[in-house]
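Here is the structure we will look at.
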Amino acid sequence: MQFVILGLLMIAPMSLYDLHKQFAAGPSLFYSASFGSLQRALRQLVARGWVTVTDASSSARRRNLHAPTEEGLEAWRAWMREPLSGAAAETSMLAKVFLLGLLPDGPERDAALDVLRESAAAALADLRAVAAELDAAEIPDAYGEIFRYQRATLDYGIRSHELAIDWLAELD
């Protein structure tokens, strides 16, 4: 969530309230964020030196505005170049695509998109290898129904990765 916050703050400095509204308008499609979770993440970003806080005392509600530092921007750019992995890979892919337009058009954006494509292709290859191994295994009749639904879950993963690869190819 911290990198999504950094990306949103790249658009404009925001208060916690503004950031919550921005999440509701977009990233909430793939990330859930309560006021409390956003507040904790902002505190961590400030503690890391990736975000600054300024008192917007001139505003009627006296909100604190958060903005990314140069270190925060570099951390965000590094995250955009990182391969996807783990259980949150799909969420990270969606977050990175959502924020991709913040990278300048050209080599940096192309490299980030290539990393997403490569990560999806590698994950698909892993799932297909698991499928081939399972399909070669002899399943006792007593476990046939259990296997059927477990294999259907694997099929879903394969199909969703195929869709992701096609979708990422369309982003050129």
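For T52, what residues show an amide H to amide H distance below 5 Å, using hydrogens built from the backbone and excluding near sequence neighbours?
It is A67, T69, by chain and number.
Would you mind working out the magnitude of the charge dipole of the chain relative to its Cα centre, with +1 at each Lys and Arg C-beta and -1 at each Asp and Glu C-beta, to the nearest 20 Debye?
Using Cβ point charges on Lys, Arg, Asp and Glu, the chain gives about 1180 debye.
Checking understanding here: applying a Kyte-Doolittle mean of at least 0.0 and a length along the axis of at least 18 Å (C-alpha), which whole DSSP H helices in the chain pass?
35-48, 107-136
With only Lys, Arg, Asp and Glu charged, each at its Cβ (+1 for the first two, -1 for the last two), find how big the charge dipole of segment 86-172 is about the Cα centre; round to the nearest 20 debye.
With Lys and Arg at +1 and Asp and Glu at -1, about 200 debye.
Calculated from the structure, mean projected area of the Cα convex hull in nm² equals which of (i) 12.5; (ii) 12.0; (iii) 8.9?
Checking each listed value against the structure points to (i).
Taking the Cα centre of segment 1-81 as origin and charging only Cβ (+1 Lys, Arg; -1 Asp, Glu), how large is the dipole, in debye to the nearest 20?
220
Rounded, prolate or oblate: which one fits segment 1-81, using the alpha carbon gyration tensor with axes a ≥ b ≥ c (rounded when a/c is under 1.5, else prolate when a/b beats b/c, else oblate)?
Working: a/c = 1.78, a/b = 1.16, b/c = 1.54.
Because a/c hits 1.5 or more and a/b fails to exceed b/c, segment 1-81 counts as oblate.
Among A24, A142, A33, whose mean-square fluctuation peaks in a Gaussian network model of the chain (Cα, cutoff 10 Å)?
Highest fluctuation of the listed residues: A142.
Report the trypsin sites (Lys or Arg not before Pro) located in segment 1-100 that are in a DSSP loop and have at most 11 other Cβ atoms inside 10 Å of their Cβ, or state none.
Qualifying residues, ordered by number: R61, R62.
No lab work stands behind these numbers, since they all come straight from the coordinates. Note that the structure is predicted; figures quoted are calculated from it, not measured. Virtual Cβ from ideal backbone geometry, glycine too; neighbours counted across all protein chains shown.
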